[in-house]
Amino acid sequence: MRDTRIPNDWDRRGLPGWTYHSPAMLELEKEQIFRTHWQIACHVSDIPGIGDFQTFDLCGERAIILRDRDGAVQAYHNTCRHRGSRLVAADSGNCPGALICPFHGWVYNLDGTLRGAARPESFPPMDKHVFALKSLEMELWQGYVFVRFRPGPQPAVAELMRPVADEAAAYRMQDHLPTDGFWTETSPVNWKSVRDVDNEGYHVTIAHPGLQDLYGASYVDEPFVDGVSRSVGHYTPSKGRRWAVRNYKALSDPQPFLPDHLHKSWLYYGIFPNTVIAITPETSLFYQELPIATNKSVVRSATYRNPVETRQQRLARYLASRIDRETVAEDIQLTIWSNDSMATDSFEGFYLSDLEYGVRSHHDHLRALLPIYNRESRPPEAEVRTVNHALAQDRGA
Amino acid sequence: MTQAADEDNWQRAQLQLPAGQPGSGARRYAAAMYFHARGLMPPQMLEIYRRCYRDDREDPVDLARFEGLAPPPVTGR
C-alpha cells in the first residue's frame, strides 16, 4: 500500500539553483539517472508489422526497437558492431528481413545476429552471435515499450508500476493505436525545470484555464513513492465555460470497458525520473523530457487511441488533444520562468506549498541517487563528480 | 516443404525483386548476403549487390554481366 500522505513538517526547499546550470551536474545526471532508469521508447502499435522499427536517442545512447520475424518486439543498441555507425538513421520505418549498416554494408538479421560483413573475404570467419547487435534491456508494460541503457536501481517495470497496474489495465492501453505520430519540442530550459512544473497542480487554477474548467478543484497529486506518482482530476459537474471543454464534456461518452469512476477522469502517472503516462477515456499518451544541455531539453510525446471509436468519440478525442495542447503551451512558459529563477542570485530558492509536495518527493528521489543535490553552495565544476562521490561514501559509511 | 526451403524461397524472391521498386536494392543485397552465407553466392557477385544496395533502379544481374561476371544460378537468370 502506497503511503501518499504529506508529512506535517517537511523541508519546503527545492534543489539548489546551481544544479540547474552546472554542466558537470548534467553529466552526472546523464550517467547516473538517465542512462540507468527506464525510459519509454514507443508503443507496440508504433511497430505493428515485421521489420517495423522506431528509434530512440537519449544522452548519447541510441536504441532501435523493432518487430522481428516471429512478431516479437526486440530492442538493440542502434550501433553497428563494425565501426559504431547508426544502423538506421530514420526515426522510424521498415527494414524488411534485415538491417543494413549504411556505412560499409554489414547485414544483420532481425533477431540481431550478424548475417554477414561486407567484403566477407577480407575478414577471418565471424561468429554471427559474437558479432550480433547488442541487446538492450526492454520490458513491455500495458503496450508501452520501456528500455534501459544500463542496469540501475529501479526494479522491473511491472514491479515499479504495480501500484497503478490494476487501475491502468482498465484502459486496455495494450490495444491502443497511434494517432498523429511523435511530437517533439525543444525548450530552452534545464530538464528539471520541466519536471518541477509538471509535478504539482498548485499552478493549474491560474495557469491552465482549460484544465480548471475541466476538473477544477477535484485535481489531486499523489507524490512520488518508490519512483511513481499519480494525479487525477474528475470532471466538474458544470457544463464548462470554454468552448473546447464545454463540447468535450458534452461529447465524451462513457467507454463500455471502463469502470464508472473512470468515465469522467483524467489520470497521470509520473515515472521517475522524467516520464508521464497520461490517460483520458479516449486516449493514452506519454511525454518525457530529454536533457540536451543545462539550458536545453527536448520534450517528446506521442498519443494513442482506442482501437474502436465512434464519430462522437473521435470528436471528443480531438477536443481532449486541443485542451492538452493549450496546457502544454502554457506549461512551456512556466518552465522558462522557473528555470530563469535558478540563475539569479536574488532568488533564495523554492518555498513549497503542501500542494507542491510532489516536487519535493521528486527531488528527494534525486537526492537519494546523487547526494551532491544537498550541497547548497556551488562547488567548482571540476570537483562536482569527486564531491558527489565523497558524499555518497560518507552516506554509505 | 522444410523451414529451410521456405526461407530459401523467401530470400530468392527478395533477391529477384525487380529493379525500380522502392527499397528493392537493400532487399536484394540482404538476400545476397543470405545466399553468400549459405555458400551459394560468390563474393564478387555479393559485391555487385552491395554496389547496388542504395540504387533501387540498378539491376545487379545486368551490372554483373556488364562487368563480365556470370550470375550464379540462385539469381534465377
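Details
- Qualifying position, being modelled with pLDDT of 95 or more and surrounded by fewer than 20 Cβ atoms within 10 Å (Cβ to Cβ), among A:356, A:348, A:383: A:383
Condition check ((1) closer than 25 Å to residue A:226 by Cβ; (2) polar (S, T, N, Q)) across all residues:
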{"site": "A:10", "(1), (2)": "yes, no"}
{"site": "A:24", "(1), (2)": "no, no"}
{"site": "A:29", "(1), (2)": "yes, no"}
{"site": "A:33", "(1), (2)": "yes, no"}
{"site": "A:36", "(1), (2)": "yes, yes"}
{"site": "A:43", "(1), (2)": "yes, no"}
{"site": "A:54", "(1), (2)": "no, yes"}
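- Test result for residue A:141, closer than 24 Å to residue A:279 by Cα, in the same structural domain as residue A:42 (by TED's automatic domain parsing) and in contact with a Leu (Cβ under 9 Å, 6 or more places away or on another chain): yes
- Condition check for residue A:394: out of contact with any Gly (no Cβ under 6 Å at 6 or more places or on another chain) and outside any loop (DSSP other than H, G, I, E, B): yes
Table: residues versus (1) in contact with a strand residue (DSSP E or B) (Cβ under 9 Å, 6 or more places away or on another chain); (2) in contact (Cβ under 8 Å) with a residue 12 or more places away in the chain; (3) surrounded by 14 or more Cβ atoms within 10 Å (Cβ to Cβ).
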residue: B:2; (1), (2), (3): no, no, no
residue: B:22; (1), (2), (3): no, yes, no
residue: B:25; (1), (2), (3): no, yes, yes
residue: B:29; (1), (2), (3): yes, yes, yes
residue: B:42; (1), (2), (3): no, yes, yes
residue: B:49; (1), (2), (3): no, yes, yes
residue: B:54; (1), (2), (3): no, yes, no
residue: B:69; (1), (2), (3): no, yes, yes
residue: B:75; (1), (2), (3): no, yes, yes
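- Selection count where residues are more than 14 Å from every other protein chain (Cβ to nearest Cβ), in a loop (DSSP other than H, G, I, E, B) and surrounded by 15 or more Cβ atoms within 10 Å (Cβ to Cβ), scope region A:86-98: 1
- Of residues in region A:272-327 being of a type in the set (Gly, Ala, Ser) and assigned to a strand (DSSP E or B), the one farthest from the chain's Cα centre (by Cα): A:293
- Every condition in (1) at positive phi; (2) under 20 Å from the mean Cα position of the chain (by Cα); (3) not polar (S, T, N, Q) holds for residue A:349 except the one numbered (2).
- Test: residue in region A:300-310 that is at pLDDT 95 or above, of a type in the set (A, V, I, L, M, F, W, C) and buried (at least 17 other Cβ atoms within 10 Å of the Cβ): yes
- Region A:65-107, residues that are more than 28 Å from the chain's Cα centre (by Cα) and aliphatic (A, V, I, L, M): A:98, A:100, A:107
- Residue count for region A:375-393 under the criterion of being of a type in the set (S, T, N, Q) and free of Cβ contacts under 8 Å to residues at least 24 places away in the same chain: the result is 2.
- Highlighted here are the helices (runs of 4 or more DSSP H) found entirely within chain B that include at least 2 residues which are among the charged types (D, E, K, R) and either in contact with a helix residue (DSSP H, G or I) (Cβ under 6 Å, 6 or more places away or on another chain) or within 11 Å of chain A (Cβ to nearest Cβ) (or both): B:24-37, B:43-51.
- Residue within region A:318-327 that is surrounded by fewer than 22 Cβ atoms within 10 Å (Cβ to Cβ), under 19 Å from residue A:189 (Cα atoms) and in contact with a Leu (Cβ under 7 Å, 6 or more places away or on another chain) present: yes
- Yes/no for residue A:186 being β-branched (Val, Ile, Thr) and over 25 Å from residue A:358 (Cα atoms): no
- Flag if residue B:43 is more than 25 Å from residue A:113 (Cα to Cα) and not aromatic (Phe, Trp, Tyr): no
- The residue of region A:126-151 that is nearest to the other protein chains (Cβ to nearest Cβ), among those that are among the charged types (D, E, K, R) and in a loop (DSSP other than H, G, I, E, B), is A:128.
- Yes/no for residue A:75 being in contact (Cβ under 8 Å) with a residue 12 or more places away in the chain, closer than 26 Å to residue A:303 by Cα and either of a type in the set (Ser, Thr, Tyr) or in contact with a Leu (Cβ under 6 Å, 6 or more places away or on another chain) (or both): yes
- Search result, residues across region A:99-125 that are more than 20 Å from residue A:70 (Cβ to Cβ) and within 10 Å of chain B (Cβ to nearest Cβ): A:100, A:102, A:104, A:105, A:106, A:116, A:117, A:118, A:119, A:120, A:121, A:122
- For region A:115-136, a residue qualifies if it is within 37 Å of the chain's Cα centre (by Cα) and surrounded by 15 or more Cβ atoms within 10 Å (Cβ to Cβ), and the qualifying residues are A:115, A:116, A:117, A:128, A:131, A:132, A:133, A:136.
- The single residue among A:241, A:230 that is charged (D, E, K, R), part of a loop (DSSP other than H, G, I, E, B) and either farther than 28 Å from residue A:273 by Cα or touching a residue at least 24 places away in the same chain (Cβ under 8 Å) (or both) turns out to be A:241.
The values are calculated or read from the model by the stated rules, or taken from the named source; none is laboratory data. Worth saying up front: this structure is predicted, and the values here are computed from it rather than measured. Neighbour counts are summed over all protein chains in view; Cβ atoms, including those assigned to glycine, are modelled from backbone coordinates with ideal geometry.
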